[in-house]
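Here's the structure, in structure tokens; my notes come after.
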Amino acid sequence: MKQGEEFSFPLRVYIEDTDAGGIVYYVNYLKFMERARTEYMRVLGYGKDYIFNNDLMFVVRHVAVEYQAPAQLDDELRATAQISDLRGASMTFSQQVCRGDEVLARGDVRIACVDRNTVKPRRMPRDMVARLSGGE
């Protein structure tokens, strides 16, 4: 996987994801998107071991989500993650949560790389930037 390629992560809606009306509570779409980003990075070899061994963390800097249709209890969904912008110390993911071909929510999430100890911005490791941009 590299910049521009879409990663897809399957999900199911559980009772804990829903509100009193039986639909997915709006903030849980952000959790679904987080899972897709995490699994995307894990597939590329950038799981928690890599992150911690390189003393870095990724934090959300900006998020914008548009909700289009509700998901309900027991729905099978998929959350996608696709890098739309890659810079030295940040990246933006374009993401969707879908039920079949129907887009339920779409969002753009900018992630900043920070030093794990100081929580100050830092550049991503060169190998990571190269792999994410397709230069491996």
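Miscellaneous remarks
- Highest to lowest packing among 84-90, 107-113, scored as the average C-beta count within 10 Å: 107-113, 84-90
- Listed options for semi-axes √(5λ) of the Cα gyration tensor in Å are (i) 23, 15, 14; (ii) 28, 15, 13; (iii) 27, 21, 18. The value calculated from this structure is the one marked (ii).
- Amide H contacts under 5 Å for residue 77: 11, 12, 13, restricted to partners 5 or more places along the chain or on a different chain, H placed in the peptide plane at 1.01 Å from N.
- Sequence-distant contacts, meaning Cα pairs under 8 Å at least 6 residues apart, place the relative contact order of the stretch 1-88 at 58 percent.
- Rounded to the nearest 10 degrees, the angle from helix 27-43 to the longest Cα principal axis of the chain is 40 degrees.
- Extended-chain gain in nm, criterion 0.36 nm per residue less alpha-carbon gap, residue 48 and residue 65: 3.5 nm
- Proximity of backbone amide H atoms, modeled 1.01 Å from N, is registered between residue 18 and 25 at under 5 Å, excluding neighbours fewer than 5 places apart on the same chain.
- FRET efficiency for residue 117 and residue 26, using Cβ-Cβ distance with R0 set to 30 Å, rounded to 0.05: 0.35
Laboratory data are not the source of any read-out in this text; all were calculated from the coordinates shown. Everything numeric here is computed off the predicted structure, so don't read it as measured data. When we count neighbours, we look across all protein chains shown, and the Cβ atoms used for this are built from the backbone with ideal geometry, even at glycine.
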